[in-house]
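Engineer: Here it is, the structure, as structure tokens.
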Amino acid sequence: MGSKKGQAPPRYDAVFKEGAIKLVTEQGRPSREVAAELGICIDTLRNWLKSAGVQAGSADRASREARRVKELEAQVRELRKRVQEKDEVIDVLKKSVGILSKP
């Protein structure tokens, strides 16, 4: 039978724990995603975050906000680029109108 009852939970070294915590806190990844990727229980990761003085909920909110800020910054860059292109087209059109309107 595949029962795990009575088995001790797996042990993770400090480096593994620190890496998992950094994935959430520094890279802004959702704790649920990190736990699934690493094959650990979400509650285990939350306990590690709590021990490190980080609340999982606030870390997840911060990562969502950081991701949204990055998305908005990328959108602003794209819009600035498009405005610059439009300004260049307008300048060309103004010059051509000036040339065509001369007698």
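The values are calculated or read from the model by the stated rules, or taken from the named source; none is laboratory data. These numbers were taken from a predicted model, which means no experiment stands behind them. With ideal geometry, Cβ positions are generated from the backbone for all residues, glycine too; neighbour counts draw on all protein chains shown. The protein model used for the area step is the full one, side chains on, heavy atoms only, and it has no ligands, DNA or RNA in it. Shrake-Rupley method; radii C 1.70, N 1.55, O 1.52, S 1.80 Å.
Engineer: Can you pull the accessible area of residue 50 for me, 1.4 Å probe, Å² to the nearest 10?
Structural biologist: 150 Å²
Engineer: With a 10 Å radius around each residue's Cβ, average the other Cβ atoms per peptide and rank 37-44, 26-33, highest first.
Structural biologist: The most tightly packed comes first, giving 26-33, 37-44.
Engineer: Moving on. Angle check, please: helix 42-51 long axis (alpha carbons) against the longest principal axis of the chain (alpha carbons), in degrees 0 to 90, nearest 10.
Structural biologist: The angle comes out at about 90 degrees.
Engineer: Further question: Carbon and sulfur together cover what percent of the accessible area of the chain at a 1.4 Å probe radius?
Structural biologist: 55 percent
Engineer: Name the most mobile residue of 80, 64, 46, meaning the one with the largest mean-square fluctuation, in a Gaussian network model of the chain with Cα contacts below 10 Å.
Structural biologist: 80
Engineer: Angle, helix 56-101 long axis vs. longest principal axis of the chain, Cα atoms, 0 to 90°, nearest 10?
Structural biologist: 10 degrees
Engineer: May I ask you to give the solvent-accessible area per residue for the chain, in square angstrom, as obtained with a 1.4 angstrom probe?
Structural biologist: Working: 8530 Å² over 103 residues.
Here the per-residue accessible area is 83 Å².
Engineer: If I fit a long axis through the Cα atoms of helix 14-25 and take the longest principal axis of the Cα atoms of the chain, what angle between them do I get, 0 to 90°, rounded to 10?
Structural biologist: 40 degrees
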